[in-house]
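Asks: Got a structure for you, written out below as structure tokens; questions coming shortly.
The values are calculated or read from the model by the stated rules, or taken from the named source; none is laboratory data. Keep in mind that this is a model prediction, so the values were computed, not measured. Glycine gets a Cβ as well: all are built from the backbone with ideal geometry, and neighbour counts include every protein chain shown.
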Amino acid sequence: MNLDTILKHVEKPSRYIGNEYNSVHKNPADMNIRFGFCFADVYEIGMSHLGMKILYHLLNSADDIYCERFFTPWVDMEEQMRAHNIPLFSLETKTPAKEFDFLGFTLQYEMSYTNILNMLDLGGIPLYAKDRTEEDPIICAGGPCAYNPEPLADFVDFFMLGEGEELMMEVMDVYRFFKKNGGTKEDFLKEAVKLEGVYVPAFYDVSYNEDGTIQSFTKNYDDAPDRIKKRIIRDFDKCFAPDNIIVPFMEIVHDRIMLEVFRGCIRGCRFCQAGMIYRPVRERSPETLLDLAQRLINNTGYEEISLSSLSTSDYTRLKELTDGLLDMTEDKKIGLSLPSLRLDNFSMELMQKVQKVRKSGLTFAPEAGTQRLRDVINKNITEEDLHNAAQMAFSGGYGTIKLYFMIGLPTETDEDILGISHLADEVVSIYKHTDKEIRNKNLRVTVSVSSFVPKPFTPFQWVGQNTQETLFRKQMLLKEAIRNRYVSYNWHESTLSVLEGVFARGDRRLSKVLVEAHRLGAKFDSWHEFFHMDTWMEAFKNTDVDPDFYNIRERSYEEILPWDHIDVGVTKKFLINESEKAKRGETTGNCREKCSGCGVIPAFGGDFCG
Amino acid sequence: MAKFRIQFTKYGDMKYVSHLDLIRLFTRIFHRAQLPVAYSEGFNPHPKMAVLLPLSVGTESSCEYIDVDFEKGVGMLDCMKKLKSALPIGMEIPQIGELNETSAKPKEIRYASYEIRTDSPVTEAQMDAFLDLDTIEIMKKTKRSEGIVDIKPDIMHMGLLEDGGFTAIISAGSNANLKCEVLLEAMKKYIDGFAPEEVTILRTGILNERGEPLL
């Protein structure tokens, strides 16, 4: 069957063509290793992911490796492919997935897991690792969700933990050797597991207590490490960064150059997994970044460049960098976007410079409605900070303000929920007290509320998640409370967050739930229109798994957690300490104020946390 | 200030790049080529360029045109050289012309020529009979309505190719526009046994009233 014939029957065929500018084209016959980089969502989501851009060009920098891309075909394409027996194929050369040496999935969110299974299925590849033969590709995975790999442990041959720029190539070296000298997949895994950061789930056995908690987690292969330590790039300034990223034809979600200024975060918000797992903070120098930016602009033709990090304002040489970028971009009609800026005098001035014409909205994330709860979650923003920020925004002529909050946070009471509404009223009153001459004529305050999902490797990894009913009651309570005509309220059903909560802290027994949900047709679960909670409840029922065990249940500090064998640098002792401080409503200062002893320095050595 | 008309191709997978995506693509091509495109004045400046005649997604072309204003004088050869290194696979620039008062305006477009190849052969006799029809009536759907129209006046010329395909010169532009898909529907209706499943279409020219190319 001619691919052209089916592409005529699908929407957005340019999702599948793979000849975009800067895409890499090599002769497969000349290649030693073929690596399929897989993102378990549709093209425009996957192509927005910075990690994929880095690893794609890194792998392709080796002469004998060809890395190609795989995304989840949209439902119309899947239908066509299944109808015409077309297996999952790579974008670049349209090679069936089954013919690759490796398929590597990046795990960005839990709700993409069914898409992983669907992609394997579309590729004609057995889902369970134990069912695959020497003929099938080796399935590997990495990314933030790999820090609790257990729900996928039965499907994935090996995980790569932490930053991949070095580890990925080390794994390729091992495979090259193995390919030259022969051996089975298991031989390869036994060798690869000796690399720091490689986790082979099959080399470990889990046993369970009667109450369902984990009794023991033991290795069954002597050379496998007891704990698997994540990898970091020590000298981030010298780290590989592609300067010739792919420029898609269709509009993707983040359709711009992303300049990664630093990794890690000094803040230590207790709900935030990224803030813990990406430690320590490592910056790139403005010189490196400006040089990289110039090359990216020349090589892609992109009309927008964005800074990427967990908290742009914490970059120590932000002024130098932004001055340099403004010089570079201003007369070329290249836009500069600066997400995750904290609002202060400097950033206000910067935004005036950057957005000369457009006065679009501003976003604040107080995350919780009262000071007490903000202290609990260690979101070190005071009422006064918000007051000042709002005043500055209104005096600067901004009229649209978005406020982000979470509900379902630990220790939360109705007073905290109502505090969200008070805070919004407060913002409105600051607007009314702003000079009419300088303030914007229109005011719109949007309160956007999401549901908290406890994540591994955070001080809240032991807490019980709110039930769907509780979350709904809180959402309605807030809805009733918001009466101000300038304030609009955004919320969405919490069912997805509840399910995310199951898989975020799940264990190996969830693999059968995933297989069952996949069998029942679950796919694209992070897409509202395809998410059906009923399907999932049926999958839990059919497999005799109680979802509440994973998300609602409060755990004790003594319990063996499914991810305890993963070492992210941050110690359990630190997390327990933070958890206790949270209960007492005590805050912890940021890493630059005072070292909080999280364990990252002893784990990785040196003095990283600048 | 220099105004150019650039002929470009859309071969292979480029045929899946939609009209809207094409404009964004050219903005980036000119950036990469470091050719200074002029921008409109005003609140939301946009690059001054226009693709002359949109092409259906799925149709290849050896002859598309884009008109573009550059901020300052750019040599034609220089422009050609710079563009070459900035193009995606499947896009080529056969020629570039400078625009002046005597150049053909986009509104002068009357016809487009195509090469159509299918898996259902047409004989010379069948083609002649089709072209000899007094009226060629077909149900044509537009966004607002559907009705029977006679497309005979929109068919300027058709002829068989040696490889079994055929050429068609048909109405194009703002006055009258006939899509190849509609022509194929009509052929299915009037030519016995013509039932193609696989069709490839290549646009080969954009022409004025006298059948001359716009560049």
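Asks: What number of residues within the range A:400-445 satisfy the criterion of being part of a strand (DSSP E or B) and surrounded by 17 or more Cβ atoms within 10 Å (Cβ to Cβ)?
Replies: Of the residues in the range A:400-445, 6 are part of a strand (DSSP E or B) and surrounded by 17 or more Cβ atoms within 10 Å (Cβ to Cβ).
Asks: Also, quick follow-up: Got a number for residues in the range A:10-22 being buried (at least 20 other Cβ atoms within 10 Å of the Cβ) and in contact with a strand residue (DSSP E or B) (Cβ under 9 Å, 6 or more places away or on another chain)?
Replies: 5
Asks: Residues being part of a loop (DSSP other than H, G, I, E, B) and either of a type in the set (A, V, I, L, M) or under 18 Å from A:Lys379 (Cβ atoms) (or both): count how many of those fall in the range A:446-456.
Replies: 4
Asks: Starting from residues that are more than 13 Å from chain A (Cβ to nearest Cβ), touching a helix residue (DSSP H, G or I) at 6+ places or on another chain (Cβ under 9 Å) and buried (at least 18 other Cβ atoms within 10 Å of the Cβ), keep the ones in the range B:67-92 and report whichever is modelled with the lowest pLDDT.
Replies: This residue is B:Val74.
Asks: Being under 25 Å from the mean Cα position of the chain (by Cα) and closer than 24 Å to A:Ser306 by Cβ: is that true of A:Pro410 here?
Replies: Criteria not met by A:Pro410.
Asks: Right, another one. Name the residues in the range B:117-136 that are part of a helix (DSSP H, G or I) and surrounded by 11 or more Cβ atoms within 10 Å (Cβ to Cβ), would you?
Replies: Matches in the range B:117-136: B:Gln126, B:Met127, B:Asp128, B:Ala129, B:Phe130, B:Leu131.
Asks: When you look at A:Val354, is it in contact (Cβ under 8 Å) with a residue 24 or more places away in the chain and surrounded by 22 or more Cβ atoms within 10 Å (Cβ to Cβ), yes or no?
Replies: no
Asks: Check every one of the helices (runs of 4 or more DSSP H) wholly within the range A:462-561 and list those with 2 or more residues that are in contact (Cβ under 8 Å) with a residue 60 or more places away in the chain.
Replies: A:468-481, A:495-504, A:511-519, A:547-551
Conditions tested, residue by residue: (1) under 29 Å from A:Tyr278 (Cβ atoms); (2) at pLDDT 95 or above; (3) surrounded by 22 or more Cβ atoms within 10 Å (Cβ to Cβ).
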| position | (1), (2), (3) |
| --- | --- |
| A:Arg132 | no, yes, no |
| A:Cys140 | yes, yes, yes |
| A:Leu161 | yes, yes, yes |
| A:Asn209 | no, yes, no |
| A:Phe217 | yes, yes, no |
| A:Tyr221 | no, yes, no |
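Asks: So how many residues does the range A:196-235 have that are under 25 Å from the mean Cα position of the chain (by Cα), free of Cβ contacts under 8 Å to residues at least 40 places away in the same chain and part of a strand (DSSP E or B)?
Replies: Looking only at that region, the number is 0.
Asks: Confirm whether B:Leu35 is over 22 Å from B:Ser174 (Cβ atoms), at pLDDT 95 or above and not assigned by TED's automatic domain parsing to the domain that holds B:Leu202. Step through it out loud before you land on a result.
Replies: Working: over 22 Å from B:Ser174 (Cβ atoms): yes; at pLDDT 95 or above: no; not assigned by TED's automatic domain parsing to the domain that holds B:Leu202: yes.
Here the answer is no, as B:Leu35 does not meet what is asked.
Asks: Same structure again: Here are the criteria: (1) modelled with pLDDT under 90; (2) within 14 Å of chain B (Cβ to nearest Cβ); (3) surrounded by 19 or more Cβ atoms within 10 Å (Cβ to Cβ). Tell me which single one A:Thr300 does not satisfy.
Replies: Every listed condition holds for A:Thr300 apart from (1).
Asks: How many residues are touching an Asp or Glu at 6+ places or on another chain (Cβ under 8 Å) and surrounded by fewer than 18 Cβ atoms within 10 Å (Cβ to Cβ) when one looks only at the range B:93-116?
Replies: Final tally of qualifying residues: 3.
Asks: Out of the residues in the range B:137-162 meeting the condition of being surrounded by 16 or more Cβ atoms within 10 Å (Cβ to Cβ) and under 25 Å from B:Thr123 (Cα atoms), tell me which one is farthest from the chain's Cα centre (by Cα).
Replies: Per the stated criteria, the residue is B:Ile138.
Asks: When you scan the range A:541-561, do you find a residue that is surrounded by fewer than 19 Cβ atoms within 10 Å (Cβ to Cβ), modelled with pLDDT of 95 or more and in contact with a strand residue (DSSP E or B) (Cβ under 7 Å, 6 or more places away or on another chain), even just one?
Replies: yes
Asks: If you take the residues of the range B:1-45 that are more than 10 Å from chain A (Cβ to nearest Cβ) and more than 16 Å from the chain's Cα centre (by Cα), which of them is farthest from B:Val68 (Cα to Cα)?
Replies: Across the range B:1-45, the extreme among qualifying residues is B:Glu41.
Asks: Within the range A:241-264, does at least one residue satisfy the condition of being in a helix (DSSP H, G or I), under 19 Å from A:Arg592 (Cβ atoms) and away from every other protein chain (no Cβ under 14 Å)?
Replies: As a first pass, look at the range A:241-264 and keep what is in a helix (DSSP H, G or I): none.
No: zero hits.
Asks: Yes or no: A:Cys140 without any contact (Cβ under 8 Å) to a residue 60 or more places away in the chain and within 19 Å of A:Arg15 (Cα to Cα)?
Replies: It is false that A:Cys140 is without any contact (Cβ under 8 Å) to a residue 60 or more places away in the chain and within 19 Å of A:Arg15 (Cα to Cα).
Asks: Given the conditions (1) at pLDDT 90 or above; (2) charged (D, E, K, R); (3) more than 21 Å from A:Glu586 (Cβ to Cβ), report the number of the one that A:Lys356 does not fulfil.
Replies: Going through the list (1) at pLDDT 90 or above; (2) charged (D, E, K, R); (3) more than 21 Å from A:Glu586 (Cβ to Cβ), A:Lys356 breaks only (1).
Asks: In the range A:1-96, which helices (runs of 4 or more DSSP H) lie fully inside it and hold 3 or more residues that are more than 10 Å from chain B (Cβ to nearest Cβ)?
Replies: A:43-46, A:50-60, A:75-83
Asks: Would you mind stating whether A:Leu321 is touching a helix residue (DSSP H, G or I) at 6+ places or on another chain (Cβ under 8 Å), more than 14 Å from chain B (Cβ to nearest Cβ), within 18 Å of A:Leu350 (Cβ to Cβ) and touching a residue at least 60 places away in the same chain (Cβ under 8 Å)?
Replies: yes
Asks: Restricting to the range A:386-436, count the residues that are over 25 Å from A:Leu471 (Cβ atoms) and of a type in the set (Asp, Glu).
Replies: Result for the range A:386-436: 1.
Asks: Next question, about the same structure. Find all pairs meeting these conditions: Cβ atoms under 6 angstrom apart; at least six residues apart or on different chains; first residue within the range A:572-589 and outside the structural domain of A:Arg270 (by TED's automatic domain parsing) and at pLDDT 95 or above; second residue surrounded by 14 or more Cβ atoms within 10 Å (Cβ to Cβ) and among the hydrophobic types (A, V, I, L, M, F, W, C).
Replies: Qualifying pairs under 6 Å: A:Phe574/A:Cys598; A:Ala582/A:Val376; A:Gly585/A:Val376.
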